[in-house]
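Below: the structure, in C-alpha cells.
The values are calculated or read from the model by the stated rules, or taken from the named source; none is laboratory data. In this text the structure is predicted, and so the values were computed from the model without any measurement. We work out accessible area using only protein heavy atoms, side chains counted, and drop any ligands, DNA or RNA first. Shrake-Rupley method; radii C 1.70, N 1.55, O 1.52, S 1.80 Å.
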Amino acid sequence: ETFPTAKEDLQLSLLVSLIGGTLGGISAAIVSNPGDATISEMKKAKSGDGPIQTAQKLVAEGGPQALMRGVGIRMVFFSLLVSLQFFVYDNIRFSLNIGNDDLKLYLDVLGGALKSTGGPV
C-alpha cells in the first residue's frame, strides 16, 4: 500500500478528493476552453465558417489569448463541480462501507460477464 492512512481516514480521503477535483477541474477548463470559445464565436457570428476558420479568425483578431477568454470563471466552476462529484462519491462509498477491494471485485466480475456475453470488453 502506498498510502494506507488515506484508506482508513475519512477526512484525509475527502481532502484528497477535494484536491483531485480542483486539479481536475482546472485542467478540464484549460483544455476545453479554446474549443468552447470557438463554438461560442461560431454561434455569435452566424457565418458559414467552420471551427478551424473561426479559431484562426479569433487568433488573428485577439491573439492566442482570445481562445482563453473566460477561462478563470470556468476553472472555478469546473473545480467546484468535479470536487462536488468526488465528495458525493466518497461519502456514498464510505457510508455503504464499500472499500477498494470491493470495487475491484465488482469490476472483475463485470468484466468477466461482459467478456462471456461478447460485450464491449
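Values computed for the structure shown
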{"item": "Solvent-accessible area per residue for region 14-88 (1.4 angstrom probe, square angstrom)", "result": "64 Å²"}
{"item": "Region 77-121 shape via C-alpha gyration tensor axes, a/c threshold 1.5", "result": "oblate"}
{"item": "Percent accessible area from carbon and sulfur atoms, region 1-83, protein chains only, probe 1.4 Å", "result": "68 percent"}
{"item": "Cα gyration tensor category, rounded, prolate or oblate, for the chain with a/c compared to 1.5", "result": "oblate"}
{"item": "The chain: relative contact order as a whole-number percent, Cα under 8 Å and 6+ apart", "result": "34 percent"}
{"item": "Non-local Lys pairs in the chain, i.e. 8 or more apart or on different chains, that have alpha carbons under 21 Å apart", "result": "5"}
